[in-house]
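For reference, the structure discussed in these notes is given below.
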Amino acid sequence: METIQGKAAIVGIGQTEFSQNCGRTELRMALEAILAAAEDAGLDIKEIDGMVNYTMDSATQIDIVRALGIPNLSYFNQIPYGGGASCGTVASAAAAVASGMANYVVCVRSIRDASGPMRYGDFEPTRVSGDLHMGMYHPYGLLTPVSWVAMFANRYIHDYGIKDGQLAWAPLVNRENANRNPNAIFYNRKMTMEEYLASPINVEPLRRHDCCLSTDGAIAVIVTTPERAKALRQKPAIIAGASQGMSTNGEVMTSYYRDEITFLHEVEASGKKLFQQAGITPQDIDVAQIYDAFSPLIPMQLEALGFVSRGEGVAYCEGGTRINRHGELPINTAGGLMSEGYLHGMNLITEGVRQIRGTSTTQIDNVENVLVTGGTCVPTSGLILRRG
């Protein structure tokens, strides 16, 4: 079967600082991240001829092109569904360079999730989604992502008999990894099980430390072919698999009308395609950057991706020994969305690239294959990166 394997690579990564009050526009941060990615790759900014960002981005492609003086884009695209778009941006870029539609495609996300949207110097209030289907949920108090995911989490806990505190291990491992990462918001800020259990409930059963960090920042990655990568500065992270997943009878964050709501069907579909493309199995993954907007979604993804059977994800994470840096499947080695920062998943991609390069602050030995996943409870995406 014809696949994307080996036809594209990530060759440049760039980011701003991660903060909770950046003091500048999303456009400004997007420009900074793209310039940093081009510098990292050793690429002239004028050679960029493709761009992919999120439909949620306020920094428009046309403004970015004008501000950077990019002569022409022969390929441009936007990916929807919030964090589900993260790996989808790279999938789109990979398809573009593999098909010859562009030579160097930049994927970028710029967000002011902590201090609020800021466009051209003016603050605007954060708006709740106006999607028609949300009218079925807002009157009942389901107004925020944490409340939407709490519905899935409660059912998951009920079905599998999960006890209080058992969801803590992924957040604790994330925090431990962030403690070694100077770029993380929770750098050098330790957390114990006692502190986790004492943290306030956001929406039952999710505590404060079961949730990701509201963050200001921007990230950019540059994708090209492995052949062009040879002339650039960095060791390429070869794209062995790139896929998206959208399953039937789904909604954005509120897919409550399926026969079962404790299983991530989109993640399963995306994962099967990923492993098929890369020609490997879950057991071949050396390190995983798992989308961790909320702690129950980590064991649920391990189940949907085939690392464990249904209902076994929490037990797999128990104690943290299997998922920490010394375990059989180290996860979120920069701290993840819970402890490094919430950049709608793009920082999971850059950490995957660092693992391939051997430059992570929690570097895993002899990394060959890295899994990166996109947002869950929405149409999703995923990547497998391989050492070149």
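The values are calculated or read from the model by the stated rules, or taken from the named source; none is laboratory data. Source: prediction; values computed, not measured. Reconstructed Cβ throughout: ideal geometry from the backbone, glycine too, with neighbour counts over all protein chains shown.
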Of the criteria (1) part of a helix (DSSP H, G or I); (2) closer than 25 Å to ASP292 by Cβ; (3) touching a Lys or Arg at 6+ places or on another chain (Cβ under 9 Å), which one ALA98 fails: (2)
task: Working only within segment 173-206, note down all residues that are closer than 20 Å to VAL149 by Cα and in contact (Cβ under 8 Å) with a residue 12 or more places away in the chain.
output: ASN174, TYR196, LEU197, ASN202, VAL203, GLU204, PRO205, LEU206
- line: Residue hits (segment 283-300; crowded, with 17+ Cβ neighbours inside 10 Å and of a type outside the set (A, V, I, L, M)) are ASP286, GLN289, TYR291, ASP292, PHE294, SER295, PRO296, PRO299
task: Could you please give the count of residues in segment 178-229 that are surrounded by 13 or more Cβ atoms within 10 Å (Cβ to Cβ) and on the phi > 0 side of the Ramachandran plot?
output: 1
query: Are any residues in segment 46-61 within 21 Å of SER86 (Cβ to Cβ) and either in contact with a Lys or Arg (Cβ under 9 Å, 6 or more places away or on another chain) or assigned to a loop (DSSP other than H, G, I, E, B) (or both), and if so, which ones?
result: ILE48, ASN53, TYR54, THR55, MET56, ASP57, SER58, ALA59, THR60
query: Do you know which of the residues in segment 230-253 that are closer than 20 Å to GLY84 by Cα and at pLDDT 95 or above is surrounded by the fewest Cβ atoms within 10 Å (Cβ to Cβ)?
result: MET246
- prompt: If you go through segment 329-347 one residue at a time, do you hit one that is charged (D, E, K, R) and closer than 20 Å to GLN283 by Cα?
  reply: no
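Tally up the residues in segment 1-45 that are among the polar types (S, T, N, Q), within 18 Å of ILE349 (Cβ to Cβ) and either in contact with a Pro (Cβ under 7 Å, 6 or more places away or on another chain) or assigned to a loop (DSSP other than H, G, I, E, B) (or both), please. Walk me through how you get there before you give the answer.
We begin by selecting, within segment 1-45, every residue among the polar types (S, T, N, Q); these are 3, 5, 15-16, 19-21, 25.
Remaining after also requiring within 18 Å of ILE349 (Cβ to Cβ): 5, 15-16.
Now drop any that are not either in contact with a Pro (Cβ under 7 Å, 6 or more places away or on another chain) or assigned to a loop (DSSP other than H, G, I, E, B) (or both), which leaves 5, 16.
The qualifying residues number 2.
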task: Can you confirm whether segment 302-323 contains a residue that is under 26 Å from CYS22 (Cβ atoms) and either in contact with a Pro (Cβ under 8 Å, 6 or more places away or on another chain) or aliphatic (A, V, I, L, M) (or both)?
output: no
message: List pairs: first residue in segment 52-74 and more than 18 Å from VAL223 (Cα to Cα), second residue β-branched (Val, Ile, Thr) and modelled with pLDDT under 95 anywhere in the structure, Cβ distance under 9 angstrom, at least six positions apart or on different chains.
response: none
field: Residue ID - surrounded by the fewest Cβ atoms within 10 Å (Cβ to Cβ), chosen from residues in segment 301-339 that are in contact (Cβ under 8 Å) with a residue 24 or more places away in the chain and acidic (Asp, Glu)
entry: GLU318
